[in-house]
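Report on the following structure.
Just so it is clear, none of the values below were taken in a lab; they were calculated from the coordinates. Since we're looking at a predicted model, the values are computed, not measured. Cβ sites come from the backbone with ideal geometry, for glycine too, and all protein chains shown count toward neighbours.
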Number of protein chains: 2
Amino acid sequence: MKSELIRAREAAKIARTVSESQKNEALFAMGEQILCSTDAILTANAKDVEAAKKRVETTTRIDRLLLNEHRIQMMVDGLHEIMALPDPIGEVIEIWTRPNGLRIEQVRVPFGVVGIIYEARPNVTVDTSALTVKTGNAVVLRGGKEAFETNIALTVALRKALHDVLLPSDLVVMVTDTDRRSVDDLIRARGLVDLVIPRGGAGLISHVVENATVPVIETGVGNCHVYIDSHANLAMALDIIVNAKTDRPSVCNAAETLLIHSAVAPSFVPIAAEKLTKLGVELRLDAKANHLLENESIIAKQATEEDFATEFLAPILAVKVVESLDEAIDHIGHYGTGHSEAIVTDENEVAKEFLQRIDAAAVYHNASTRFTDGYEFGFGAELGISTQKLHARGPMGLRELTSYKYVIRGNGHIRR
Amino acid sequence: MKSELIRAREAAKIARTVSESQKNEALFAMGEQILCSTDAILTANAKDVEAAKKRVETTTRIDRLLLNEHRIQMMVDGLHEIMALPDPIGEVIEIWTRPNGLRIEQVRVPFGVVGIIYEARPNVTVDTSALTVKTGNAVVLRGGKEAFETNIALTVALRKALHDVLLPSDLVVMVTDTDRRSVDDLIRARGLVDLVIPRGGAGLISHVVENATVPVIETGVGNCHVYIDSHANLAMALDIIVNAKTDRPSVCNAAETLLIHSAVAPSFVPIAAEKLTKLGVELRLDAKANHLLENESIIAKQATEEDFATEFLAPILAVKVVESLDEAIDHIGHYGTGHSEAIVTDENEVAKEFLQRIDAAAVYHNASTRFTDGYEFGFGAELGISTQKLHARGPMGLRELTSYKYVIRGNGHIRR
């Protein structure tokens with residue numbers, strides 16, 4: 001493992017000074033090479049899928065793993081999209097001259113070596129390689145063993161493309177050791193790895209955070225709320241909660257809890273409950289909300305404390321009636337994961353207070369939480385959504401894969 | 001310990017929305033209260049100093065601990081300087097409107113709760129409390145046991161001042177438990193503490209980095225180099241290496257190794273060696289440099305591999321003759337700690353290559369490494385110098401104590 005990291009480190013030294021056009025040439029070559037290698041990639045993928053079927057994995061998990069010509073083309077399209085994005089490296093973030101004449105430039109630079117730890121989706125192999133190459137970083141890929149054969153075939157293609165355009169193939173290095181120890185070796189390789197990003201389930205992320213000594217950007221868990229204020233447009237509120245819950249329940253920016261002010265709960269809860277249950281959403285109601293549905297024919301469960309703390313990632317919604325904005329903010333402060341939180345209200349002052357007091361990566365006024373996404377934000381790419389506050393918060397694009405340095409020019413300046 | 005962190009967390013919720021003028025009022029009150037409490041602070045400090053003397057600590061260590069009226073006034077002056085700095089909180093970093101009409105603002109916000117782990121200097125207690133209050137954060141102070149009594153007296157004054165201006169006194173919380181376990185409790189308090197900054201020696205920093213699960217900003221170790229190129233102005237080069245080594249040898253931005261191109265080594269090494277040894281610097285020379293001093297009356301040791309890897313923090317300088325820019329860059333890549341690195345050359349193309357290829361927080365052309373400092377950079381305050389690449393690199397001022405969030409305003413926007 002160490003020798004692989006050293007190779008990536010050497011490659012990163014070269015990548016630091018590679019021009020934008022060279023990096024784009026590499027991305028294009030990576031796409032061409034993937035297309036040329038379609039047969040080899042599909043053959044490798046068939047082995048992984050076969051093995052998954054033998055292990056009697058769920059169809060969802062097998063689908064996550066599966067590649068076909070269309071999905072391969074989508075990966076290549078993704079490479080072309082990243083080619084079209086501006087290169088952040090070398091950007092002068094700030095420049096100033098000190099009274100003593102020293103000129104200080106803050107310049108955007110690559111991190112160096114970025115480790116990515118992920119699970120079954122093979123497209124992550126290609127996406128993250130493209131993002132790191134574009135930002136002048138080397139990447140160490142440690143994918144899940146379910147996609148082992150596929151990842152090997154993809155990495156071989158990516159490395160060949162880099163070699164063909166005269167860049168170090170070690171800009172993309174795959175860890176072929178798939179036991180847990182290889183994760184630990186990677187996340188503890190201080191001095192060799194500059195940053196680790198875990199992409200996957202809560203278990204993987206907490207293992208990395210607990211054990212890493214290399215800096216980590218934590219991605220993901222989203223226990224998101226939509227709060228309907230007493231002065232909300234209820235038609236808008238209904239659209240937003242329906243969208244936030246049902247558009248794609250399995251993703252981190254989907255809503256998990258509806259908070260509703262008691263002043264509008266009697267008119268809103270029955271309508272919302274009817275609509276949501278029709279759409280297949282299972283409701284978990286607190287006592288007050290439950291009471292409002294007593295005379296309705298809607299079947300709903302009682303919410304437990306645990307329901308409010310859970311990221312369901314499924315068509316399930318917890319519902320709670322609150323007496324005030326303060327109660328809503330306190331509830332979110334207690335159960336939220338700092339991902340995405342929305343208020344629906346016509347009162348700008350109430351919205352302002354919510355937006356300021358809620359401590360989350362993305363706070364919304366009169367919009368669905370579903371917009372927390374690199375593409376929806378206009379970043380053109382996404383490497384995940386950070387739920388920590390250090391370095392990157394919210395959707396991470398190319399810029400979030402960079403650091404900076406200070407370049408100082410003098411004329412014999414010494415400090416007195 | 002946990003209850004203290006919860007109190008800080010609650011205070012941080014309030015601090016998030018406090019105005020700039022209120023925060024400045026608090027800083028002013030903190031200064032007044034420290035002046036009012038001078039007697040109590042000096043009495044407490046005398047106990048710490050007494051105890052240090054009983055332990056037969058070195059005079060340097062005792063001096064680091066010692067307060068007097070002048071030093072207390074300097075702390076208060078520091079508070080006034082931080083008052084005068086602009087408040088970074090609420091700054092709109094970027095704002096844009098998406099094609100669908102969603103308006104996205106990236107707004108600077110406080111971290112929340114910041115933990116500071118430090119050693120003997122009591123001024124850190126006041127400085128960091130001021131920086132965190134100004135940036136709307138709550139701080140948890142875990143100082144060294146050498147300054148325990150002094151830190152209690154200072155914290156009592158700071159907390160009283162906060163209370164007097166109607167802010168939560170828990171914006172400044174001191175951990176009164178001084179065993180190592182309290183450090184571990186603090187650095188593993190995920191969900192309660194947003195960021196930990198260790199300020200102190202290499203042992204403390206590596207303990208924190210190894211064991212923290214809370215995000216860390218690593219400060220400090222500086223094995224800095226000055227490289228004299230074959231086309232350098234040698235008079236300028238001499239000024240710079242003398243300044244970088246002797247201005248203040250005990251700090252992290254002091255130079256530890258002189259690298260010199262073989263083309264100018266014969267004329268430069270003897271002159272530099274004479275000047276530096278006269279100034280009390282002990283030289284550790286590689287074989288080539290040693291050879292150049294054979295006929296001189298200068299006493300110097302042979303450099304070992306370890307010398308090149310050491311941050312002496314003392315009037316000791318390792319010297320190595322290199323054959324090329326590449327060799328200098330490789331040496332720095334191998335032994336450097338990513339802090340501050342300088343080149344002296346009249347060739348702009350050579351300088352450009354050095355500045356681009358060297359991977360450090362601050363890279364200098366024709367200037368001393370000693371300028372890597374928040375005040376010298378014009379930040380008006382400094383919380384340490386980061387040697388990591390995540391979030392903050394180089395001198396950290398107020399802005400580096402902030403995170404950001406996205407505030408998104410819609411008009412019933414849902415994702416389709």
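What shape does segment B:26-81 have by the C-alpha gyration tensor, where a ≥ b ≥ c are the square roots of the eigenvalues, rounded means a/c under 1.5, and otherwise prolate means a/b greater than b/c and oblate the rest? Let's see the in-between values first.
Values: a/c = 3.68, a/b = 2.09, b/c = 1.76.
The shape class here is prolate.
Charges at C-beta only: +1 for Lys and Arg, -1 for Asp and Glu. How large is the resulting dipole of chain A about its Cα centre, in Debye rounded to 20? Mind showing how you got there, number by number?
Numbers: 45 positive and 57 negative charges, 397 e Å.
Using Cβ point charges on Lys, Arg, Asp and Glu, chain A gives about 1900 debye.
Can you list the lysines whose alpha carbon sits under 26 Å from that of B:K54, skipping same-chain ones fewer than 8 residues off?
Counting by Cα, and skipping residues close in sequence, B:K54 has these lysines nearby: B:K145.
Would you kindly derive the ³J(HN,Hα) couplings of segment B:62-71 from the backbone phi angles with the Karplus curve 6.51 cos²θ - 1.76 cosθ + 1.60 (θ = phi - 60°), listing them in order in whole Hz, with x for Gly and Pro?
Along segment B:62-71, the couplings run 5, 4, 4, 7, 5, 10, 8, 4, 5, 5 Hz.
If one computes the Cα centroid of segment B:48-93 and of segment A:252-292, what distance in Å separates the two points?
55 Å
To test your reading of the geometry: what angle, between 0 and 90 degrees and rounded to tens, separates the Cα axis of helix B:148-164 from the longest principal axis of chain B?
50 degrees
Against the longest principal axis of chain B, how steep is helix B:38-54, in degrees 0 to 90 to the nearest 10, with axes from Cα atoms?
50 degrees
I'd like the distance separating the alpha-carbon centroids of segment B:337-416 and segment B:194-218, in whole Å.
20 Å
Among the lysines, which fall within straight-line cross-link reach of A:K288, defined as a Cα-Cα distance under 30 Å, with same-chain neighbours fewer than 8 residues apart omitted?
Straight-distance partners of A:K288: A:K245, A:K275, A:K278, A:K301, A:K320, A:K352, B:K13.
Evaluate the distance, in nm, between pseudo-label points positioned 7 Å from the Cα of A:S324 and of B:E50 along their respective Cα→Cβ axes.
Here the modelled spin labels are 5.0 nm apart.
When only C-alpha pairs under 8 Å and at least 6 residues apart count, what is the relative contact order of chain A, in percent? Could you put the intermediate results ahead of the total?
Values: 829 pairs, mean separation 72.0, N = 416.
With pairs under 8 Å counted, the relative contact order is 17 percent.
Counting only Cβ atoms, what residue of chain A lies nearest to the axis that sends chain A onto chain B, and how many whole Å off?
Closest to the rotation axis on chain A: A:H391, 2.
Give me a single rounded figure for B:364-376: the average over its residues of other chain Cβ atoms within 10 Å of their Cβ. Can you show the working numbers first?
Working: counts 7, 7, 7, 12, 8, 2, 4, 10, 3, 1, 0, 0, 7.
Average neighbour count from other chains, rounded to a whole number: 5.
Going toward the positive end of the dipole of segment B:1-132, with +1 on Lys and Arg Cβ and -1 on Asp and Glu Cβ, which of B:N68, B:F28, B:T128 do you reach last?
In segment B:1-132, that residue is B:T128.
Quick query: amide H of A:E282 versus all other amide H atoms, modeled in the peptide plane; which residues come in under 5 Å with a sequence gap of 5 or more or a different chain?
Hits under the 5 Å cutoff: A:I316, A:L317.
Between segment A:101-154 and segment A:1-43, what is the C-alpha centre distance in whole Å?
Here the two parts' Cα centres lie 10 Å apart.
Quick one: putting +1 on the C-beta of Lys and Arg, -1 on the C-beta of Asp and Glu, what dipole do you get for segment A:138-212 around its Cα centre, in Debye to the nearest 20? Provide the component values of the computation, followed by the final result.
Values: 9 positive and 10 negative charges, 13 e Å.
Its charge dipole is roughly 60 debye.
Starting from the amide H of A:R190, placed 1.01 Å from N in the peptide plane, find each other amide H under 5 Å away whose residue is 5 or more places distant or on another chain.
It is none; the list stays empty.
Taking the number of other C-beta atoms within 10 Å as the exposure measure, put A:R9, A:R103 in order starting with the fewest.
On the way: A:R9 21, A:R103 16.
Lowest to highest Cβ neighbour count: A:R103, A:R9.
Which of B:K134, B:K278, B:K245 moves the most in a Gaussian network model of chain B with Cα springs under 10 Å?
Of B:K134, B:K278, B:K245, the most mobile in the Gaussian network model is B:K278.
Mind telling me which of B:E400, B:E81, B:E94 comes out most flexible in a GNM of chain B, alpha-carbon contacts under 10 Å?
B:E94
Let's test the formula: R0 of 25 Å, r as the Cβ-Cβ distance of A:E32 and A:Y375. What FRET efficiency results, to the nearest 0.05? Walk me through the intermediate numbers first.
Values: r = 24 Å, r/R0 = 0.97.
E(calc), rounded to 0.05, equals 0.55.
Taking the label point 7 Å from Cα in the Cβ direction, how far apart in nm is A:Q73 from each other copy of itself, listed shortest first?
7.9
Going by amide H atoms built from the backbone, whose H comes under 5 Å of the H on A:Q388, apart from near neighbours?
A:E218, A:G394
Under a point-charge model restricted to the Cβ atoms of Lys and Arg (+1) and Asp and Glu (-1), what is the dipole moment magnitude of the protein assembly as shown relative to its Cα centre, in debye to the nearest 20?
On the way: 90 positive and 114 negative charges, 107 e Å.
Here the protein assembly as shown has a charge dipole of around 520 debye.
For segment A:224-371, what relative contact order do you get, as a whole percent, if you take Cα pairs closer than 8 Å and at least 6 residues apart? Don't skip to the answer; put the middle values down first.
Values: 281 pairs, mean separation 50.4, N = 148.
Relative contact order here is 34 percent.
³J(HN,Hα) across segment B:337-345 via Karplus (A = 6.51, B = -1.76, C = 1.60, θ = phi - 60°), whole Hz, x for Gly/Pro?
So the J values, rounded to whole Hz, are 10, x, 9, 9, 9, 10, 10, 10, 7.
So what is the diffusion coefficient of chain B in µm² per second by Stokes-Einstein at 10 °C and 1.306 mPa s, using a Kirkwood Rh over Cα pairs?
Once the numbers are plugged in, D ends up at 68 µm²/s.
Rounded if a/c is under 1.5, else prolate if a/b beats b/c, else oblate: with a ≥ b ≥ c from the C-alpha gyration tensor eigenvalues square-rooted, which is the protein assembly as shown?
On the way: a/c = 2.21, a/b = 1.29, b/c = 1.72.
Oblate is the answer for the protein assembly as shown, as a/c is 1.5 or above yet b/c matches or exceeds a/b.
Can you show me the helix-derived [θ] at 222 nm for the protein assembly as shown, built from DSSP H runs with n ≥ 4 at -39,500 (n - 2.57) apiece and divided by the number of residues, rounded to the nearest 500.
Values: 30 runs with 354 residues, N = 832.
Computed mean residue ellipticity for the protein assembly as shown: -13000 deg cm²/dmol.
Return the sequence-ordered ³J(HN,Hα) values of segment A:355-367 in whole Hz as given by the Karplus equation 6.51 cos²θ - 1.76 cosθ + 1.60 applied to θ = phi - 60°, using x for Gly and Pro.
My calculation for segment A:355-367 gives 4, 7, 7, 6, 9, 8, 4, 9, 10, 10, 10, 6, 8 Hz in order.
Could you tell me the relative contact order of segment B:285-353? Use alpha-carbon pairs under 8 Å, at least six residues apart, and round to a whole percent. It would help to have the intermediate numbers written out before the result.
On the way: 34 pairs, mean separation 21.5, N = 69.
Computed over segment B:285-353, the figure is 31 percent.
Report, as an integer, the average count of C-beta atoms from other chains found within 10 Å of each Cβ along B:330-342.
Details: counts 1, 0, 0, 3, 0, 0, 0, 1, 4, 0, 2, 0, 2.
That average works out to 1.
Of the residues B:I298, B:I72, B:I343, which exhibits the maximal mean-square fluctuation in a Gaussian network model of chain B defined by a 10 Å Cα contact cut-off?
With Cα springs under 10 Å in chain B, the top fluctuation among B:I298, B:I72, B:I343 is at B:I298.
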